[in-house]
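Single-structure report; data block below.
The values are calculated or read from the model by the stated rules, or taken from the named source; none is laboratory data. Computed from a predicted model, the values in this text were never measured in an experiment. Counting neighbours? That spans all protein chains shown, and the Cβs are built from the backbone with ideal geometry, glycine included. When the accessible area is computed, the model is the full protein with side chains, heavy atoms only, and any ligands, DNA or RNA have been set aside. Shrake-Rupley method; radii C 1.70, N 1.55, O 1.52, S 1.80 Å.
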Amino acid sequence: MLWALTTASVALGPRVAGWVRTMASHRLLVAPPEALRKPLSIPSRLLLGPGPSNLPPRVLAAGGLQMVGHMHKEMFQIMDEIKEGIQYVFQTRSPLTLAVSGSGHCALEAALFNLLEPGDPFLVGVNGVWGQRAADIGERIGARVHLMIKDPGGHYTLQEVEEALARHKPALLFLTQGESSTGVLQPLEGYGELCHRHRCLLLVDAVASLGAVPIYMDLQGIDVLYSGSQKVLNAPPGTSLISFSDKAKNKIYTRKTKPFSFYLDIKYLANIWGCDDKPRRYHHTTPIISLYSLRESLALLAEQGLENSWRQHQEATEHLHRRLRALGLRFFVKDPAVRLPTVTAVAVPAGYDWRDIVQYVMDHFSIEITGGLGPSAGKVLRIGLLGCNATRENVDRVTEALQEALQRCPRNKL
């Protein structure tokens with residue numbers, strides 16, 4: 001047998017060589033990158049910005065597990081467990097609950113692409129960057145976008161929302177529960193009921209708040225809720241969570257036009273996630289390893305308990321606020337009742353360049369904090385306490401680093 005294989009190999013030699021020459025009909029213009037010949041090196045950093053956050057050991061370990069096929073029964077079981085985890089953290093019994101193969105932006109687009117049709121009136125609360133982006137996406141769809149604009153750091157009262165609902169008669173209202181660009185927490189109690197009285201659906205962004213503050217999708221009348229994997233859940237970026245009420249599902253399934261995106265068509269996603277009681281069919285290849293990690297992050301939160309997680313974030317943030325006040329820093333959000341526990345924004349002290357402070361903390365302490373974003377750019381420093389990072393020890397580390405940065409960074413006293 002070995003002799004036969006050797007003889008065949010010799011006989012095929014010229015043919016193989018000819019085949020290679022045919023395939024490689026041109027000289028390669030780009031050489032193998034030298035950088036890729038070196039081992040991958042990742043620095044050890046404490047991520048105390050607005051996200052992503054550090055990964056706990058169990059989530060890291062999940063990312064090293066072997067692949068299974070995206071249409072294997074074992075993968076479907078993992079997806080079903082993820083759905084149950086999302087229903088728990090959202091506090092919803094909605095069967096149309098799933099994870100989107102993309103970041104929080106992708107979940108926002110999934111919501112808007114499926115709920116809005118050209119000409120639909122769309123009311124957007126714009127008190128930071130996420131309202132700005134929701135409005136941008138609505139305009140691209142061709143919706144009639146109406147803005148409720150607040151100064152950065154402000155929130156919406158029930159009266160303000162009711163006046164806007166009566167004036168514009170929207171099909172959909174967008175609010176951000178945790179506006180990470182400014183550090184404001186939007187109250188939600190009563191807003192769903194108010195929307196439904198005006199025949200409007202309520203869409204809520206909980207990317208920066210989920211797991212750190214109470215939210216009850218069903219009891220608060222939220223029609224569409226979405227969040228991301230990389231904040232309090234301490235999972236890798238690239239997957240997001242979303243759920244639709246029966247009212248929202250009915251609007252999706254009775255729309256007159258196809259959604260603009262095939263990839264984000266909820267009817268297809270509902271099928272592959274087992275939400276429609278039909279045999280699952282291939283739609284796209286889900287990010288299998290990322291879903292392992294998401295499953296473990298949801299399991300960790302379920303084991304801790306939502307109430308305990310809410311308490312952990314509140315206590316860590318109260319400690320952070322005490323330390324920041326001791327440094328003489330001013331909070332960007334004036335009202336303590338609407339400060340977001342996960343992302344605290346403080347005004348950049350007079351005379352300092354925020355970039356100097358952020359860079360000093362990174363270079364000397366390997367801690368990430370960030371400047372502002374969107375309407376808060378150049379005005380604030382943002383400190384994040386997300387999931388497993390929300391500890392007194394981390395608060396002490398970052399405030400000691402800030403104290404030294406304020407002593408060492410150049411200051412313009414004019």
- request: Being of a type outside the set (Gly, Ala, Ser), touching a residue at least 40 places away in the same chain (Cβ under 8 Å), under 19 Å from residue 107 (Cβ atoms) and out of contact with any Ser or Thr (no Cβ under 6 Å at 6 or more places or on another chain) is the filter here, so list the residues in region 273-287 that pass it.
  value: 273, 275, 284, 285
- prompt: Here is a list of conditions, (1) open to solvent by less than 60 Å² (accessible area, probe 1.4 Å); (2) assigned to a helix (DSSP H, G or I), and residue 124 meets all of them except one; can you say which number that is?
  reply: (2)
query: Among 137, 222, 149, which is the only one that is among the hydrophobic types (A, V, I, L, M, F, W, C), open to solvent by 20 Å² or more (accessible area, probe 1.4 Å) and either under 30 Å from residue 63 (Cβ atoms) or at pLDDT 95 or above (or both)?
result: 149
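Restricting attention to region 52-73, which residues are surrounded by 12 or more Cβ atoms within 10 Å (Cβ to Cβ) and hydrophobic (A, V, I, L, M, F, W, C)? If you could, list the steps in order and put the result at the bottom.
First pass over region 52-73, keeping only residues surrounded by 12 or more Cβ atoms within 10 Å (Cβ to Cβ): 52-56, 58-63, 65, 68, 70-72.
55, 59, 60, 61, 62, 65, 68, 71 - these are the residues of region 52-73 that are surrounded by 12 or more Cβ atoms within 10 Å (Cβ to Cβ) and hydrophobic (A, V, I, L, M, F, W, C).
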- request: State which residue is farthest from residue 285 (Cα to Cα) when the search covers only region 83-121 and only residues that are touching a Cys at 6+ places or on another chain (Cβ under 8 Å), open to solvent by less than 20 Å² (accessible area, probe 1.4 Å) and not hydroxyl-bearing (Ser, Thr, Tyr).
  value: 96
task: Please enumerate the residues belonging to region 227-247 that are hydrophobic (A, V, I, L, M, F, W, C) and not in a loop (DSSP other than H, G, I, E, B).
output: 241, 242, 244
- prompt: Give me the pairs: first residue in region 336-364 and of a type in the set (Lys, Arg), second residue open to solvent by less than 60 Å² (accessible area, probe 1.4 Å), beta-carbon distance under 6 Å, and six or more apart or on different chains, which are they?
  reply: 339/333
- request: Give the residues of region 292-338 that are in contact with a Leu (Cβ under 6 Å, 6 or more places away or on another chain) and either open to solvent by 20 Å² or more (accessible area, probe 1.4 Å) or farther than 18 Å from residue 185 by Cα (or both), sorted by residue number.
  value: 292, 297
